[in-house]
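The values are calculated or read from the model by the stated rules, or taken from the named source; none is laboratory data. Everything numeric in this text was worked out from a predicted model, so none of it was measured. No Cβ is skipped: glycine too gets one built from the backbone with ideal geometry, and neighbour counts run over all protein chains shown.
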Amino acid sequence: MYIFFFFFFFFKGGSEGLGFSLAKRIIKEKPKTITLMSRNVEKLKDAKKLILSEMKKEKPNLNIKINIIRCDLSVKASIKEAFDNVLINNSLDKEEDEENYNIAYRTRSRMQKMERNDIDICDINDIDVLICNAAYVSTEENNKLQMYDLIYTINTNIYGNIDIISKAIIHMKRKKTGLILFINTEGALYPIYGYSFYLMSKSSMWIYTHILDQELKYYNIHIANAFLPSIETPGFIQENLKKPEVTRKIEKLTNTINSDYAADKIINKLKQGRKFITLRFNGYMLSILHSGYRNPESYFDYLIYVSFSNLFIFISSLYKLYIEYIIKKKFHSILYN
């Protein structure tokens, strides 16, 4: 079980959607610091204002520091600069908010020391919890995708995530504690038509984080994955504008869920020590179908895996048949009309 009190939370992709909902939910755990990171400066500022208003509603005397950091995960230099800013609490709006010139001066001084590797370890933030939510999604059939989509997907979803995670692990290892949550998708467990680049990146990150957990858990650093269905977010609405009709029909097999609801369930399961997080029946079924090479998280889970795996294999075969029917129907209409 993980206790979040006085933890430093670091969110990638926290300016809107699920990342923002997770940040709001974390307020209830009374962390010391929440840092949001995103490409869009205006959205970051808006997110901070909304979180501060949520804090007043939750408890007027809550003393949680909210940092906002600009970063483009597809650019190596941007990642390095952003991570350095995270370590020294150099929030994007700090100099705008702080009336005391000396505070801004000390921030710049610490940045210069960091560049010279001359900073005292006591001046650096602890990163207790890292939540990786940012991702680039391309929703088209493979023949309609461009090389740009592939390069940007790899740079953002794979390279950017690995770079940030690797940097965070260095600091977590130093104090022998840490938790990393990677926001994944059910599609990484059950590939869906129309998501070739996106699900390739998510599947590879699932393997990467699973191996990382094996390597790091004895340092008391734990890696969790949340495999989620479609979430109601601004990004999801944009995706729907370009999705192939086949993809939309397949996605109707599961319900889209509210981002605040998803955030609450994820944090509750994370607090229970879960590392393979799913939501609702479809997610639970997928967790059992993919239990073969995972250690069960409890004896009860192990009993369920053994007892119901055959039943869920049968149910999933019905899903597969129906999905194949949807795809076949599309190409049948193209070939014979």
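A few remarks follow.
- The set of residues in region 197-212 being over 13 Å from residue 157 (Cα atoms) and either among the hydrophobic types (A, V, I, L, M, F, W, C) or more than 16 Å from the chain's Cα centre (by Cα) (or both) consists of 207, 211, 212.
Let's see how each residue does on (1) surrounded by fewer than 18 Cβ atoms within 10 Å (Cβ to Cβ); (2) farther than 25 Å from residue 236 by Cα; (3) of a type in the set (Gly, Ala, Ser):
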residue	(1), (2), (3)
23	no, no, yes
26	no, no, no
80	yes, yes, no
86	no, yes, no
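- Every test in (1) assigned to a helix (DSSP H, G or I); (2) farther than 18 Å from residue 315 by Cα is passed by residue 284 save one, and that test is (2).
- The selection criterion, being within 17 Å of residue 215 (Cβ to Cβ), at pLDDT below 95 and either in contact with a helix residue (DSSP H, G or I) (Cβ under 8 Å, 6 or more places away or on another chain) or charged (D, E, K, R) (or both), does not hold for residue 194.
- The one condition from (1) within 17 Å of residue 131 (Cα to Cα); (2) under 19 Å from the mean Cα position of the chain (by Cα); (3) among the polar types (S, T, N, Q) that residue 155 does not meet is (1).
- The set of residues in region 247-270 that are among the charged types (D, E, K, R) and within 27 Å of residue 317 (Cα to Cα) comprises 248, 249, 251, 252.
- Number of positions in region 290-337 that are touching a residue at least 24 places away in the same chain (Cβ under 8 Å), over 27 Å from residue 244 (Cα atoms) and touching a helix residue (DSSP H, G or I) at 6+ places or on another chain (Cβ under 6 Å): 1
- Region 184-196, subset under 14 Å from the mean Cα position of the chain (by Cα) and in a helix (DSSP H, G or I), residue nearest to residue 164 (Cα to Cα): 188
- Flag if residue 221 is within 14 Å of residue 179 (Cα to Cα) and in contact with a Ser or Thr (Cβ under 8 Å, 6 or more places away or on another chain): yes
- Residue 313 being at pLDDT 85 or above and outside any helix (DSSP H, G or I): no
- Taking every residue in region 259-270 that is under 16 Å from residue 20 (Cβ atoms) and in contact (Cβ under 8 Å) with a residue 40 or more places away in the chain and pairing it with any residue that is hydroxyl-bearing (Ser, Thr, Tyr) and surrounded by fewer than 22 Cβ atoms within 10 Å (Cβ to Cβ), at least 6 positions away or on another chain, the pairs with Cβ-Cβ distances below 8 Å are 259/233.
- Output for region 222-252, where each listed residue is assigned to a loop (DSSP other than H, G, I, E, B), free of Cβ contacts under 8 Å to residues at least 40 places away in the same chain and among the polar types (S, T, N, Q): 230
- For the criterion of being modelled with pLDDT under 80 and over 19 Å from residue 72 (Cβ atoms), residue 139 fails.
- Filtered by the rule that a residue be of a type in the set (Gly, Ala, Ser) and more than 18 Å from residue 188 (Cα to Cα), region 256-308 gives 259, 263, 273, 298, 307.
- Scanning region 158-183 for residues that are of a type outside the set (A, V, I, L, M, F, W, C) and either in a helix (DSSP H, G or I) or within 14 Å of residue 130 (Cα to Cα) (or both) gives 159, 160, 161, 163, 166, 167, 171, 173, 174, 175, 177, 178.
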